Amino acid sequence: MQGRIETVKRSKSGATLSVKVGDRWFTTKNWEFEPGATGPGMVGHSINFEPSPGKAFPDGTIPYWINEYTEVAATPADAAMQQAMQNQPPTPPPEAYSAPAQGATYTVSGATEAPNKEAVIGAMALCKCCTPADPEQVFQNYVFFYHKLNNWDPTVPF
């Protein structure tokens, strides 16, 4: 199994660590995962491991352990992304943003229409394939792909 370490917490007893990889929790005694005074530990690192089942708890759940693992080497794209994220200016305070309300709609030519979820996801995925010159170009690419997917006709080539 391969995944990125999202969160690491020490157990209440202090005998083990709980590690969230992707959307699943695992148990380990690999103390190098734990963030400490010397740095973030392994949070944010990708690892390759085979989880092994432990003894079942009284409630019937089975913990899975990370015993042996290997760290996945960062690809050039990962390294470039990490460097770009470190060079980002600080984000403005949250009050500067106005998030759309749940179930927001938008108006197109006088008609109100809910966003097409499949077209949104597809446009975001296709934007990852582009190398834009600036943030404005990213948005233009997204809008282009969204409208293409929202009005998809399989008989007409892209």
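The values are calculated or read from the model by the stated rules, or taken from the named source; none is laboratory data. Remember, predicted model here, so these are calculated numbers, not experimental data. Counting neighbours? That spans all protein chains shown, and the Cβs are built from the backbone with ideal geometry, glycine included.
What to note about this one:
- Residue within segment 139-158 that is of a type in the set (Lys, Arg), modelled with pLDDT of 65 or more and surrounded by 11 or more Cβ atoms within 10 Å (Cβ to Cβ) present: yes
- Count of segment 12-31 residues which are of a type outside the set (A, V, I, L, M) and surrounded by fewer than 11 Cβ atoms within 10 Å (Cβ to Cβ): 4
- Given (1) surrounded by fewer than 12 Cβ atoms within 10 Å (Cβ to Cβ); (2) modelled with pLDDT of 80 or more; (3) of a type outside the set (Asp, Glu); (4) over 26 Å from Ala77 (Cα atoms), index of the condition Gly110 fails: (2)
- Verdict on Pro100 being at pLDDT below 60, loosely packed, with under 10 Cβ neighbours inside 10 Å and in a loop (DSSP other than H, G, I, E, B): yes
- Close contacts from segment 9-36, counting a first residue that is in the same structural domain as Trp65 (by TED's automatic domain parsing) and within 16 Å of Asn67 (Cβ to Cβ) and a second that is aromatic (Phe, Trp, Tyr) and surrounded by 12 or more Cβ atoms within 10 Å (Cβ to Cβ), with Cβ to Cβ under 6 Å and a gap of 6+ residues or different chains, come to Leu17/Phe33; Ser18/Trp25; Val19/Phe26; Val19/Phe33; Phe26/Tyr64; Thr27/Trp65.
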